[in-house]
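**Q** If you scroll down you'll find the structure; I have some questions about it.
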Amino acid sequence: MTDATAGLHVKSISCSRGYRDLFTGLDFQLSAGQVLRVEGKNGSGKTSLLRIMSGLAQPLEGEVLWKGKKIHHPESEYFQDLLFIGHRAGIKFELTPIENLCMAKALNGSKSENGIEEALYQVGLYGFEETPCANLSAGQKRRVALAQLYLTQSKVWILDEPYTSLDVAAVANFEELFTQHVNNGGSLVITSHQPVNLKISEQYRIVLPNTQLEKFA
Amino acid sequence: MIPSTSSAFIALIKRDLMLSYRHRNELLNPLLFFVIVVTLFPLGTSPEKQLLQTMAPGVIWVAALLAAMLSLDSLFKSDYEDGTLEQMMLSHHSNAVLVLAKIISHWLVTGVPIILMAPLLGLFMFMPIEGIKTLMLTLLLGTPILSLVGAIGMGLTLGLNRGGMLLSLLVLPLYIPVLIFSANAVDASLAGMDIKGQLYFLGALLVLSITLAPIATATALKISVE
């Protein structure tokens, strides 16, 4: 157990879908500089857990705390520190990548004043800035969504299947970014059916429906 | 750099107006519906001047009500489907403020055209200038209420597959006070009476809905997103 005010504390939560219990009594903490991989079969509750951790869904029992306060508490400031990218990428197809990122920046903020073009360059969308996202491929749309990661100053990243439809080179690029983020004191929660190779010592994993947190070697 | 809520508010209005501009042909549908419904009445009843004049305030207002309800569908649906609504809910800004931004831009592209179209329909129905002025005034006060109250219903029915019918059942009863005071104000002005009372009521309803509806809508959306 680490300090109770250190970071994200998932406190004995349970979740069910319909009449089926997905998991019960899940309890762990995630501090700065740590990675949590959520694994499990299809339908084992990975997305449900991530949505509960991001505050989009309510657990059946238990609560999620950020620095000792409930995440929905007005003083917790969790949502300033959170970046969640889910299955639905949050990209408007009618808008260009620049316009999409401008909106993301207005909602969530950014590290630097004019980082949008830099972020698009980093994800390999140089030359597509003014193309409506509807005309981009599935992988390129995914890159637009993930370009937020280059922009954000959030500490906690919760990513649900970020690698979907990305090519090998892009995956390697993002893994480098994840490593950098975690080594700079961020935390990362990630699900992926593809292998995730991060050069980080503090990696943990949960294989649902087991609720035991284990060190990842 | 944490952005202020006011800059997020303005950015969201801008974004929604830009999206509407890129879908501008869709905006025409509720407006055409409004015009067609009103033009059906002389065909269905009689083109007699006296009768149309009597019916005009009610007919135009009911048509505006239905057109406003039809246009609600575009308010949150696409944001819900592509995940941008989730991103809004997860930002640190007050959800009610962001919802208000969406409602304002929605009103600008659906409510304002209805107000601008109304004088033409008033002339169709032989309405004198005095009546048309009051009609526009009531629409100016009333259509924002329709957007604000409709947003609550839209937020509640967002997660449902076929929420359209339920939406009208939820929202239309709440539109009744607006209809009564507005149509009555136009009638009264045609009879040369004072309309301050009705306008005050509409103004009070507008203040009530502008302060409370965004909060209710934000809560409804939170439930729908879950």
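**Q** Suppose each label sits 7 Å from its Cα in the direction of the beta carbon; what would the B:K222-B:L116 distance come out to in nanometres?
**A** It works out to 3.8 nm between the two label points.
**Q** Could you size up the charge dipole of the protein assembly as shown around its Cα centre, putting +1 on the beta carbon of Lys and Arg and -1 on that of Asp and Glu, and report it in debye to the nearest 20?
**A** With Lys and Arg at +1 and Asp and Glu at -1, about 340 debye.
**Q** With point charges of +1 on the Cβ of Lys and Arg and -1 on the Cβ of Asp and Glu, referenced to the Cα centre of region B:5-225, which listed residue (B:P177, B:Y21, B:G131) lies farthest in the positive direction of the dipole?
**A** So the residue furthest toward the plus end is B:Y21.
**Q** Just A:P74, A:P97, A:P162 to compare: in a GNM of chain A, with alpha carbon springs under 10 Å, which one fluctuates most?
**A** Taking springs between Cα atoms under 10 Å, the residue moving most is A:P74.
**Q** May I ask you to list the trypsin sites (Lys or Arg not before Pro) in region A:123-212 that are in a DSSP loop and have at most 11 other Cβ atoms within 10 Å of their Cβ?
**A** A:K199
**Q** I want the local charge near A:T191. Using Cβ-Cβ distances under 12 Å, sum +1 for each Lys or Arg and -1 for each Asp or Glu among the other residues.
**A** So the surrounding residues net to +2.
**Q** Please name whichever of B:Y80, A:G115, A:N42 sits farthest to the positive end of the charge dipole of the protein assembly as shown, dipole taken about the Cα centre and charges placed at Cβ: Lys and Arg +1, Asp and Glu -1.
**A** Of the candidates, A:N42 comes out farthest on the positive side.
**Q** A further question on this structure: Give me the Kirkwood hydrodynamic radius of the protein assembly as shown in Å, from all C-alpha pairs, to one decimal place?
**A** 24.1
**Q** Please list, by residue number, everything in region A:196-214 whose backbone N is under 15 Å from a paramagnetic label point 7 Å out along Cα→Cβ of A:A169.
**A** Residues passing the 15 Å test: none.
**Q** In addition: Radius of gyration and Dmax for region B:5-225's Cα atoms, expressed in Å?
**A** 17.9, 59
**Q** If you place +1 on the Cβ of every Lys and Arg, -1 on the Cβ of every Asp and Glu, and leave all else neutral, what size is the dipole of chain B about its Cα centre, to the nearest 20 Debye?
**A** 220
**Q** How tilted is helix B:129-157 with respect to the longest principal axis of chain B? Cα atoms for both, answer in degrees (0 to 90, nearest 10).
**A** Between the helix axis and the principal axis of chain B, the angle is about 30 degrees.
**Q** Any idea which of B:V38, B:L52, B:T110 is furthest toward the positive side of the dipole for region B:5-225, if Lys and Arg beta-carbons carry +1 and Asp and Glu beta-carbons -1?
**A** After comparing all options, I get B:T110.
**Q** Which of the aspartates and glutamates could a cross-linker bridge to A:K11, judged by Cα under 15 Å and excluding same-chain residues fewer than eight apart?
**A** Qualifying aspartates and glutamates at Cα under 15 Å: A:D3, A:D27, A:E61, A:E63.
**Q** Report the extension gain between A:Q180 and A:D27 in nm, rounded to one decimal, defined as 0.36 nm multiplied by the number of residues separating them, less their alpha carbon distance.
**A** The span from A:Q180 to A:D27 would gain 52.4 nm if fully extended.
**Q** Kindly put B:D16, A:D27, B:D73 in sequence by how many other C-beta atoms sit within 10 Å of each C-beta, fewest to most.
**A** So the ranking, lowest neighbour count to highest, is A:D27, B:D73, B:D16.
**Q** A follow-up question, please. Between B:A204 and B:K133, 0.36 nm times their residue separation minus their Cα-Cα distance comes to what?
**A** Here the answer is 23.5 nm.
**Q** Something else about it: Given all pairs of different Cα atoms, what value in angstroms does the Kirkwood hydrodynamic radius of chain A take?
**A** One decimal place: 17.8 Å for the Kirkwood radius.
**Q** Ok, one more. What is the total of Lys pairs in chain B with C-alpha atoms under 16 Å apart, excluding same-chain pairs fewer than 8 positions apart?
**A** Number of lysine pairs found: 5.
**Q** Sticking with this one: Go ahead and estimate [θ] at 222 nm for chain A from helices alone: -39,500 (n - 2.57) per DSSP H run with n ≥ 4, summed, over the residue count, rounded to 500.
**A** After summing the helix terms and dividing by residue count, I get -7500 deg cm²/dmol.
**Q** Under unit Cβ charges (Lys, Arg +1; Asp, Glu -1), what dipole magnitude, rounded to 20 debye, does chain A have relative to its Cα centre?
**A** So the magnitude is around 560 debye.
**Q** Additional query: Quick one: angle between helix B:24-44 and the longest Cα principal axis of chain B, in degrees between 0 and 90, rounded to 10, please.
**A** 30
Every number here is computed from the coordinates shown, using simple stated rules; none is lab data. From a predicted model like this one, the values you see are computed outputs, not experimental measurements. Positions of Cβ are backbone-derived with ideal geometry, glycine not excepted, and every protein chain shown enters the neighbour counts.
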